[in-house]
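Each remark here refers to the structure printed beneath this line.
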Amino acid sequence: MQTTTANKIALAVLFTLTGTMALGVFANAVFAPAKMEKPGYELPGGAAPAAATAAVPAAAPAPEVSLAALLAKADPAKGQADAKACEACHTFDKGGAAKVGPPLYGVVGRPVASVAGFSYSDGLKALGGDWTYEQINKWITKPSALVQGTKMSFPGEPDAQKRADILAYLHTLSDNPVPFPSPAAAATPAPAASATPAATSAPAATATPAPAAAATPAAAAPASPQPTPSPTSTP
Ligand code: HEC
């Protein structure tokens with residue numbers, strides 16, 4: 001009785017193991033795993049390694065498109081539609097009353113936490129300064145990241161262009177609209193700086209073989225004096 005139970009268990013284990021192995025063999029046969037000839041990725045334009053490395057610094061600044069550049073192509077009409085999310089808590093009307101949040105007409109250029117009678121959080125009161133486009137952009141990216149313990153329970157707008165559209169809409173809500181920051185100022189210096197190390201590294205590489213070539217004649221020179229003493233020793 002006991003042996004048969006043990007045998008049954010042993011058989012069950014054996015069948016499971018063989019079954020799993022067979023499954024693996026079968027799966028490999030069906031989905032013949034393709035081996036790569038060369039490990040790694042083939043980069044576009046991989047033939048010239050210098051070109052590939054030069055492309056990296058050029059591509060890097062792209063994700064951080066400046067706010068000024070985004071504002072330059074922002075659409076206030078789209079912003080008005082996206083700002084519907086804000087209207088749950090804010091009014092955009094001139095002279096509008098506070099709701100859950102303070103009224104936002106003319107908020108750009110207004111001192112932070114300055115609507116009389118609105119009970120701001122201590123965190124926002126401590127922030128200081130005026131609401132610039134940059135600051136509101138940071139704020140609506142994630143309010144709780146800019147001001148700890150804020151009362152604005154809005155998770156944030158992750159899309160940079162949508163934020164710029166909303167800012168363009170806020171721009172229209174003013175008697176004296178604050179001009180957008182100029183896109184030219186921020187954009188230019190970055191590519192110029194990244195181009196310089198690439199240019200300096202290239203001459204450095206070409207300079208290295210030169211001393212090696214210069215060393216070869218020097219090594220050949222001591223070889224020639226050797227035959228010279230031998231004729232003198234012969235006579
Ligand atoms: C869930 C409600 C809610 C939503 C949604 C919301 N806010 Fe607010 N907002 C608040 C509250 C509450 C405050 C006050 C925050 C504090 O005191 O910490 C505030 C403060 C602000 C301030 C500072 C105003 C001042 O007088 O200093 C700005 C600017 C602002 N919100 C913009 C926005 C924008 C733009 C949106 C939409 C993208 C938005 N808010 C969505 C509730 C909200």
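The helices (runs of 4 or more DSSP H) found entirely in region 27-96 that carry 3 or more residues being under 19 Å from THR172 (Cα atoms) and at pLDDT 85 or above are 67-72, 76-82, 84-87.
Screening region 100-137 for residues that are surrounded by fewer than 16 Cβ atoms within 10 Å (Cβ to Cβ) and outside any loop (DSSP other than H, G, I, E, B) and picking the one that is farthest from the ligand (Cβ to nearest atom) gives GLU134.
Here LEU17 meets the list (1) at pLDDT below 80; (2) exposed (fewer than 15 other Cβ atoms within 10 Å of the Cβ); (3) part of a helix (DSSP H, G or I) almost entirely, failing just condition (1). Please list, ordered by first then second residue, the pairs with beta carbon atoms under 9 Å, 6 or more apart or interchain, first in region 136-149 and on the phi > 0 side of the Ramachandran plot, second aliphatic (A, V, I, L, M) and not in a loop (DSSP other than H, G, I, E, B). Between residues of region 136-149 that are on the phi > 0 side of the Ramachandran plot and residues that are aliphatic (A, V, I, L, M) and not in a loop (DSSP other than H, G, I, E, B), the close pairs are GLY149/LEU124. The test for being of a type in the set (A, V, I, L, M, F, W, C), closer than 25 Å to PRO181 by Cα and near the ligand (Cβ under 7 Å from one of its atoms) holds for VAL147. When you scan region 77-99, do you find a residue that is in contact (Cβ under 8 Å) with a residue 40 or more places away in the chain and touching a Ser or Thr at 6+ places or on another chain (Cβ under 6 Å), even just one? No: region 77-99 contains no residue that is in contact (Cβ under 8 Å) with a residue 40 or more places away in the chain and touching a Ser or Thr at 6+ places or on another chain (Cβ under 6 Å).
The values are calculated or read from the model by the stated rules, or taken from the named source; none is laboratory data. Worth saying up front: this structure is predicted, and the values here are computed from it rather than measured. Cβ: placed from backbone, ideal geometry, glycine included. Neighbour counts: every protein chain shown.
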